[in-house]
Amino acid sequence: MTQTWDPQEYEKNGAFVRELAGEVLEWLAAKPGERILDLGCGDGQLSKRIAAGGVQVQGVDASPEMVAAACLRGIAAEQAIAEALPFPDATFDAVFSNAALHWVRGQHAMMREVQRVLKPGGRFVAEMGGHGNIAAIRVALMAILTRHGHGNEEDGVNCYPTPEGYQRSLEKHGFKVQRMALIPRPTQLPAGGMAGWLRTFRRGVFEGLPAELRETVVAETVALLAPALRDEAGNWVADYVRLRFVATT
Ligand code: BEZ
């Protein structure tokens, strides 16, 4: 499946992604005058926050809709995949990424590209889904998809590596890992709840289903998850786990 994004739907159901980015921004510690690539910049709101510190931010995202939204915010953003970055060698002081790397199919090609576009001594600072991320959501969605004969649709949608495995991969590509942490971060969802989350973050999965089945799968997955992830007041929490790291070239 290929994930697709609707910037308005993302704003409604996914604003918490940028609101919770404070710690990875602290790890980035951007300095005025630096040139930083925001890899998977989405709608550019976080890029704008980084740029506000006097940083030259370049955004890149695989989604044309998100790139258009970032450009409207005044961010220099280009459509490209992380495995083939359209920039010369040694362009950036840092490559930053929040909640995007788990979508990248070619992790090794991406690491090679990040290493290539960073200046010597440059840093790769990112937060992504880590091992165990959204485990309950994935198991519930897979169970319901299997019941309807579409069990493979959720396979391999994202990668959620362990710190040990990701550190090994980064080192294979010449990075020195300075800091890395796996952080459970149960995350309260906005008013759209789990149905809104599924429709936004599994949009590609649902687009792969017959149209008449989509809302049935949403409703049955929500019902299966409710005892685990919804409280008595009706608030939903998603079982997020973050992998955050700083690596240098
Ligand atoms: C995450 O940030 O962990 C995530 C985002 C979208 C879908 C699944 C996980």
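Per-structure values
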quantity: Residue under evaluation G40, criteria (1) surrounded by fewer than 21 Cβ atoms within 10 Å (Cβ to Cβ); (2) touching a Phe, Trp or Tyr at 6+ places or on another chain (Cβ under 8 Å); (3) within 25 Å of D89 (Cα to Cα); (4) not aliphatic (A, V, I, L, M), criterion not met; calculated: (1)
quantity: Qualifying residue in the stretch 221-230 (condition: within 21 Å of the chain's Cα centre (by Cα), more than 14 Å from the ligand (Cβ to nearest atom) and either free of Cβ contacts under 8 Å to residues at least 24 places away in the same chain or surrounded by fewer than 20 Cβ atoms within 10 Å (Cβ to Cβ) (or both)); calculated: no
quantity: Members of the stretch 113-134 that are closer than 18 Å to I183 by Cα and assigned to a strand (DSSP E or B); calculated: V125, A126, E127, M128, G129
quantity: Where I137 falls short, out of the listed (1) closer than 29 Å to L229 by Cβ; (2) in a strand (DSSP E or B); calculated: (2)
quantity: Conditions (1) closer than 18 Å to H102 by Cα; (2) modelled with pLDDT of 95 or more; (3) open to solvent by less than 60 Å² (accessible area, probe 1.4 Å); (4) within 16 Å of the ligand (Cβ to nearest atom): number failed by P186; calculated: (3)
quantity: Subset tally (residues that are surrounded by 23 or more Cβ atoms within 10 Å (Cβ to Cβ) and over 17 Å from V17 (Cα atoms)) for the stretch 124-136; calculated: 1
quantity: Single match in P163, P227 (criterion: out of contact with any helix residue (DSSP H, G or I) (no Cβ under 9 Å at 6 or more places or on another chain) and closer than 30 Å to A109 by Cβ); calculated: P163
quantity: Given (1) part of a loop (DSSP other than H, G, I, E, B); (2) more than 21 Å from N13 (Cα to Cα); (3) away from the ligand (no atom under 14 Å from the Cβ), number of the condition A191 does not satisfy; calculated: (2)
quantity: Filter result for V177 (among the β-branched types (V, I, T) and either closer than 23 Å to T249 by Cα or free of Cβ contacts under 8 Å to residues at least 40 places away in the same chain (or both)); calculated: yes
quantity: Check on R179, basic (K, R), within 16 Å of the ligand (Cβ to nearest atom) and open to solvent by 30 Å² or more (accessible area, probe 1.4 Å); calculated: no
quantity: Every residue from the stretch 153-176 that is more than 14 Å from the ligand (Cβ to nearest atom) and either in contact with a Ser or Thr (Cβ under 9 Å, 6 or more places away or on another chain) or within 17 Å of L224 (Cα to Cα) (or both); calculated: G174, F175, K176
quantity: Residues (free of Cβ contacts under 8 Å to residues at least 40 places away in the same chain and among the aliphatic types (A, V, I, L, M)) located in the stretch 78-109; calculated: A80, I81, A84, A90, A109
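The values are calculated or read from the model by the stated rules, or taken from the named source; none is laboratory data. Quantities reported herein were computed from a predicted structural model and do not represent experimental measurements. Methodologically, a virtual Cβ is constructed for each residue, glycine included, from the backbone with ideal geometry; neighbour enumeration extends over all protein chains shown. Heavy atoms of the whole protein, side chains included, go into the accessibility calculation; ligands, DNA and RNA do not. Shrake-Rupley method; radii C 1.70, N 1.55, O 1.52, S 1.80 Å.
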